[in-house]
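S.K.: Below is one structure. I have some questions about it.
The values are calculated or read from the model by the stated rules, or taken from the named source; none is laboratory data. What you see is a predicted model; the values in this text were computed from it and never measured. Glycine gets a Cβ as well: all are built from the backbone with ideal geometry, and neighbour counts include every protein chain shown.
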Amino acid sequence: NAGVTQTPKFRVLKTGQSMTLLCAQDMNHEYMYWYRQDPGMGLRLIHYSVGEGTTAKGEVPDGYNVSRLKKQNFLLGLESAAPSQTSVYFCASSYLNRGNSPLHFGNGTRLTVT
Amino acid sequence: GENVEQHPSTLSVQEGDSAVIKCTYSDSASNYFPWYKQELGKRPQLIIDIRSNVGEKKDQRIAVTLNKTAKHFSLHITETQPEDSAVYFCAASISNAGGTSYGKLTFGQGTILTVHP
């Protein structure tokens with residue numbers, strides 16, 4: 001199993017450009033998440049999905065959109081990139097459970113907006 | 001929503017010493033507390049977790065303690081080694097059972113641990 005795979009690994013955008021980050025998991029997990037990581041601020045939840053066709057806002061959703069058309073894929077879109085969106089983005093997934101299941105993270109995407 | 005505070009932000013120890021990282025949380029309904037280790041340039045990886053029905057959990061050199069009354073939990077690493085150097089994150093969430101948290105974790109700000117040989 002590849003686990004959670006993110007593409008691309010690095011990207012540089014100019015202000016106002018758009019892009020889509022792709023996350024794919026092969027563990028048949030129900031839940032998927034997008035986090036951003038900034039120095040001194042830990043990981044903050046952007047959006048999440050509890051199943052195919054569903055999405056919900058996290059802690060810092062502004063400026064981002066997501067889609068979960070297939071269970072294994074979770075896309076994060078930036079329609080008009082801003083320098084404040086310079087960050088490392090991590091996708092994660094977990095399985096449906098009565099209790100809590102650990103998050104499995106991808107390797108991250110380092111995005112720079114100039 | 002949940003707020004998790006983590007201290008210290010940086011921690012420097014000598015090889016063989018113990019290291020302790022502390023976290024506090026705000027939502028008394030939180031009942032799942034994982035710890036993640038992130039090496040430089042890599043993904044966060046779960047190293048240990050604890051649920052609210054347990055006060056302490058150990059895994060070799062790593063232990064976590066939980067005080068639900070005070071709403072704080074701590075990570076203890078004994079006999080530290082240079083390969084323990086990394087950023088450590090605590091997190092908290094509310095169990096999925098009967099709720100709508102959907103496993104969403106709220107993370108602390110991270111602690112940079114440096115173990116000197």
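S.K.: For B:Glu56, indicate whether it is out of contact with any Pro (no Cβ under 6 Å at 6 or more places or on another chain) and either within 14 Å of chain A (Cβ to nearest Cβ) or free of Cβ contacts under 8 Å to residues at least 12 places away in the same chain (or both).
M.R.: In short, yes.
S.K.: Next question, about the same structure. Examine segment A:34-44 for a residue that is part of a loop (DSSP other than H, G, I, E, B), of a type in the set (A, V, I, L, M, F, W, C), within 13 Å of chain B (Cβ to nearest Cβ) and surrounded by fewer than 16 Cβ atoms within 10 Å (Cβ to Cβ), and state whether such a residue exists.
M.R.: Residues of segment A:34-44 that are part of a loop (DSSP other than H, G, I, E, B), as a first pass: A:38-42.
From what's left, of a type in the set (A, V, I, L, M, F, W, C): A:41.
Keeping just the survivors that are within 13 Å of chain B (Cβ to nearest Cβ) gives A:41.
Retained after the next criterion (residues that are surrounded by fewer than 16 Cβ atoms within 10 Å (Cβ to Cβ)): A:41.
Scanning segment A:34-44 turns up at least one residue that is part of a loop (DSSP other than H, G, I, E, B), of a type in the set (A, V, I, L, M, F, W, C), within 13 Å of chain B (Cβ to nearest Cβ) and surrounded by fewer than 16 Cβ atoms within 10 Å (Cβ to Cβ).
S.K.: Next up: Being part of a strand (DSSP E or B) and of a type in the set (S, T, N, Q) is the filter; apply it to segment B:30-69 and report the residue that is nearest to the chain's Cα centre (by Cα). So that I can check it myself, show each step before the final result.
M.R.: Residues of segment B:30-69 part of a strand (DSSP E or B): B:32-38, B:45-51, B:56-59, B:62-67.
From what is left, the residues that are of a type in the set (S, T, N, Q) are B:38, B:45, B:65, B:67.
Working: B:Gln38: 12, B:Gln45: 11, B:Thr65: 9, B:Asn67: 13 Å.
Only one residue tops the list, namely B:Thr65.
S.K.: Would you pick out the residues in segment A:102-114 that are in contact (Cβ under 8 Å) with a residue 12 or more places away in the chain, more than 13 Å from the chain's Cα centre (by Cα) and assigned to a loop (DSSP other than H, G, I, E, B)? Even if it seems obvious, please write down each step before you answer.
M.R.: Start the filter on segment A:102-114 by keeping residues that are in contact (Cβ under 8 Å) with a residue 12 or more places away in the chain, which leaves A:103-114.
Add one more test, that the residue is more than 13 Å from the chain's Cα centre (by Cα), and what stays is A:112-114.
Across segment A:102-114, the qualifying residue is only A:Thr114.
S.K.: Could you please find all residues in segment A:45-56 being in a loop (DSSP other than H, G, I, E, B), among the small types (Gly, Ala, Ser) and out of contact with any Leu (no Cβ under 8 Å at 6 or more places or on another chain)?
M.R.: Answer for segment A:45-56, where residues must be in a loop (DSSP other than H, G, I, E, B), among the small types (Gly, Ala, Ser) and out of contact with any Leu (no Cβ under 8 Å at 6 or more places or on another chain): just A:Gly51.
S.K.: Can you list residue pairs whose Cβ atoms sit under 8 Å apart, with the first residue in segment A:77-101 being more than 20 Å from B:Pro44 (Cα to Cα) and the second being among the hydrophobic types (A, V, I, L, M, F, W, C) and at pLDDT below 80? Count only pairs 6 or more apart in sequence or on different chains.
M.R.: Sorted first by the residue in segment A:77-101, then by its partner, the pairs are A:Arg98/B:Ala97; A:Gly99/B:Ala97.
S.K.: A:Asp38 - would you say it is closer than 26 Å to B:Glu5 by Cβ, among the acidic types (Asp, Glu), out of contact with any Leu (no Cβ under 7 Å at 6 or more places or on another chain) and free of Cβ contacts under 8 Å to residues at least 40 places away in the same chain?
M.R.: no
S.K.: Sticking with this one: Could you say which residue among A:Thr20, A:Thr15 is loosely packed, with under 15 Cβ neighbours inside 10 Å, in a strand (DSSP E or B) and not aliphatic (A, V, I, L, M)?
M.R.: A:Thr20
S.K.: Can you name the residue in segment B:83-100 that is surrounded by fewer than 18 Cβ atoms within 10 Å (Cβ to Cβ), more than 8 Å from chain A (Cβ to nearest Cβ) and at pLDDT below 90 and is also farthest from A:Phe90 (Cα to Cα) among such residues?
M.R.: Result: B:Gly98.
S.K.: B:Asp27: within 11 Å of the chain's Cα centre (by Cα), surrounded by fewer than 21 Cβ atoms within 10 Å (Cβ to Cβ) and among the charged types (D, E, K, R), yes or no? Full working, then the answer.
M.R.: Values: within 11 Å of the chain's Cα centre (by Cα): no; surrounded by fewer than 21 Cβ atoms within 10 Å (Cβ to Cβ): yes; among the charged types (D, E, K, R): yes.
Considered against the rule, which asks whether it is within 11 Å of the chain's Cα centre (by Cα), surrounded by fewer than 21 Cβ atoms within 10 Å (Cβ to Cβ) and among the charged types (D, E, K, R), B:Asp27 comes out as no.
S.K.: Going by what's in this entry, would A:Gln6 be described as at the interface with chain B (Cβ under 10 Å from one of its Cβ atoms), on the phi < 0 side of the Ramachandran plot and within 15 Å of the chain's Cα centre (by Cα)? Step through it out loud before you land on a result.
M.R.: Numbers: at the interface with chain B (Cβ under 10 Å from one of its Cβ atoms): yes; on the phi < 0 side of the Ramachandran plot: yes; within 15 Å of the chain's Cα centre (by Cα): yes.
Judged against the criteria, A:Gln6 is a match.
S.K.: Continuing with the same structure: When residues of segment A:45-65 are filtered for being of a type outside the set (Asp, Glu), touching a strand residue (DSSP E or B) at 6+ places or on another chain (Cβ under 7 Å) and within 14 Å of another protein chain (Cβ to nearest Cβ), how many remain?
M.R.: Step one: list which residues in segment A:45-65 are of a type outside the set (Asp, Glu), which gives A:45-51, A:53-58, A:60-61, A:63-65.
From what's left, touching a strand residue (DSSP E or B) at 6+ places or on another chain (Cβ under 7 Å): A:45-50, A:55-58, A:60-61, A:63-65.
Applying the additional criterion that residues be within 14 Å of another protein chain (Cβ to nearest Cβ) yields A:45-50, A:55-58, A:60-61.
Total meeting the criteria: 12.
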